[in-house]
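Just so it is clear, none of the values below were taken in a lab; they were calculated from the coordinates. Please read all numbers here as calculations on a predicted model, not as lab measurements. FYI the Cβ positions are ideal-geometry reconstructions off the backbone, even for glycines, and counts take in every protein chain you see.
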Amino acid sequence: TQPTGFQMACSAVRDPVRLGGTLAQALAKGYQLGGKFIEVYEPDVTGIPNLSDPMPPTRLLLGDFNGDGFTDYLLFNPSTRRTAIWDLQGNAFLGGIFGPTLPAGWVVACVADVNLDGKPDYVLFNPSTRQTAVWFLNNAAFMGGVYGPTLPTGWTLIAAADMNNDGRPDYVLFNPSTRQTAVWYLNGTVYAGGAYGPSLPAGWMLVNALDFNGDG
């Protein structure tokens, strides 16, 4: 089960994210993809994802923060905005450490190695201002931060993934109102161009960007 006040860090943290029941029950609702990510969808009271919400359904984020080759949990406390990392070996808990506390109004949108040092960084998003930022980490230690580009009205940050095969993470965006997707190509945290992706059919929304078919 989760420690008091903490929940698994999410791609979009609402106030609060309601995973419901124990952590094991929450994980049973999703899919484990190559040991990297676990998807958990947050329904509204009808049991259907709320597509009018400006943020996407909840997604649990994981990353190898201590560089031991095993995926670790990233936890978030929405009341204190504090983060924590649980070091894992497979599904065995080895220990935990607190990470940096986020400023008011910000959420951890995704985890990516933005500065290419081989260590996961926090990619932050402020839903009110649509500003993005990157916090560079060494395991759980904050090493510095920089602002990224601000998103246009109506758009939200879904993922940071290398979409043009240049070895650097790019922003994957989604507009819940129009169901349009887009990619912003980045050089570090600097906007270098963009392109629209496919629009999703009615009733669907984008929750992540991953290499499902292993084509690189």
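When T71, T132 are arranged by Cβ crowding within 10 Å, least crowded first, meaning fewest neighbours, the order is T71, T132. When Y196, Y122 are arranged by Cβ crowding within 10 Å, least crowded first, meaning fewest neighbours, the order is Y196, Y122.
Only counting other Cβ atoms within 10 Å, I'd like I97, I85 sorted with the fewest neighbours first. Mind dumping the intermediate values first?
Working: I97 15, I85 23.
Going from sparsest to densest Cβ surroundings: I97, I85.
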